[in-house]
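One structure is given here, and the rest of the page talks about it.
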Amino acid sequence: MISDRALNRTLLCRQFLLDRVDRPALEVVEHLVGLQAQEPADPYVALWDRIAGFEPAELAAAVASGDAVRIALQRSTIHLVSAADCAALRPVLQPALERMARSSFGTRLDGVDPVELAEVAGALVAEQPLTFGELGRLLRERWPERPEIALAQTARALVPMVQLPPRGVWGRSGRALHGLAADRLDRQFAADPAPDRLVLRYLAAFGPATVADMQNWSGLTRLAEVVDRLRPELRTDRAEDGRELIDLPGAPRAEPDLPAPVRFLPQYDNVLLGHADRGRVVPAGAAALFDEEFHWSPALVDGMLRASWRLDRKAGVLHVRAPGLSRAERTALAEEGLALLGLLAPAAPDPDVVLSAG
């Protein structure tokens, strides 16, 4: 059996959230099998959390050059991945993307031939980069009775499209213009869509985990069949509640009593989204840390989601909600928060961290 506490520390270890590492940015992105990137700055915060002396310019250069791209992958959400992983992962995750599009928009697109939709959308995006709104309006000229959002979202699931720079380049802004991934990559998409390699990579970054965890993270189904096929090269454990946990035999495990430093995570980080049962890192009642008035992002204290934060960039102030913490934990939050302001608001004349208990 592996304890909940050991699961927490092992996850943080494999996510490079116990100790920052000295590794190239794209190498870390590949180890983590991509970074959530709905918010353009999120991958930069995620890497700042994980890489010692991280310089945003390193990742910005990769995005600008096409060595890293922003594309819909796991759970049909925008991820930042290396160009190599874009080519490797998109064919594997394609069935999940199409299934999610059918689930969300299928009834609104009855009678629309997906092959024709893919051909028309691909030709439009090949002609010129388009936002979702622009793509939807153009597609509606062909299917005037169909909702623009359903046409555009389904087209993105059918046709691999990347968001083009300057979107996602640190220090720059730009509309979310979409271009064909095939035109942006300097390589061919993988010919083998089998998810075996994806499961092994997931376990390296998120294990030990259940089959349900793997499916929740990827959006794929029927991964029990893949795990059964791979069992001779896998390790099996039990969680405290009896769940079967699958892992790689040689993957690192962390002792449960290891200290875990404060980490200010980006708004979306797969360390919080990578499991069906998020109890190893998200305690009961954590939802109270967030509300709809502002966009609050999560923060880890002693390895668990126990605080939230938002940035007032103009004032150079980091607002932190931290109920029920000790004085030492609040001090650690303030110190790490000031360091984060050095990344997010370097020109602020008087940066400050304001902690509140509610």
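What follows draws every value from the coordinates through simple rules; no lab data is involved. Since this is a predicted model, take the numbers as computed values, not measurements. Backbone-built Cβ (ideal geometry, glycine too); neighbour counts: all protein chains shown.
Here are some notes:
- Of the residues 283, 331, 320, the one whose Cα sits farthest towards the positive end of the charge dipole of region 229-358 is 283 (charges of +1 on Lys and Arg Cβ, -1 on Asp and Glu Cβ, taken about the Cα centre).
- With a Förster radius of 45 Å applied to the C-beta separation of residue 64 and residue 115, the computed FRET efficiency comes to 0.85.
- Cα radius of gyration and Dmax for region 1-159 (Å): 18.8, 59
- Calculated Rg and Dmax of region 63-157 using C-alpha coordinates, Å: 13.7, 40
- Considering only 344, 159, 182, the residue lying farthest towards the positive end of the dipole of the chain is 159, judged by Cα position with unit charges set on Cβ.
- Base-10 log of normalised Debye intensity for region 135-200 (one unit scatterer per alpha-carbon) at q = 0.23, 0.28 Å⁻¹: -1.01, -1.13
- Region 42-76 and region 279-342 have Cα centres spaced 22 Å apart.
- Only beta bridges with both residues in the chain are counted; by DSSP, about 85 percent of them are antiparallel.
- Cα Rg over Rh - region 318-358, Kirkwood: 1.00
- For the chain, projected area of the alpha-carbon convex hull averaged over all directions, nm²: 18.9 nm²
- Residues residue 291 and residue 352, FRET efficiency given R0 of 30 Å [Cβ-Cβ distance, rounded to 0.05]: 0.85
- Helical runs (DSSP H, four residues minimum) scored at -39500 (n - 2.57) apiece and divided by the length of the chain put the mean residue ellipticity at 222 nm at -12500 deg cm²/dmol.
- Two-decimal Rg/Rh across region 225-270, once Rg and the Kirkwood Rh are taken from alpha-carbon atoms: 1.09
- Centre-to-centre separation between the Cα atoms of region 144-201 and those of region 248-275: 28 Å.
- Using C-alpha pairs below 8 Å separated by at least 6 residues, the relative contact order for region 1-128 is 20 percent.
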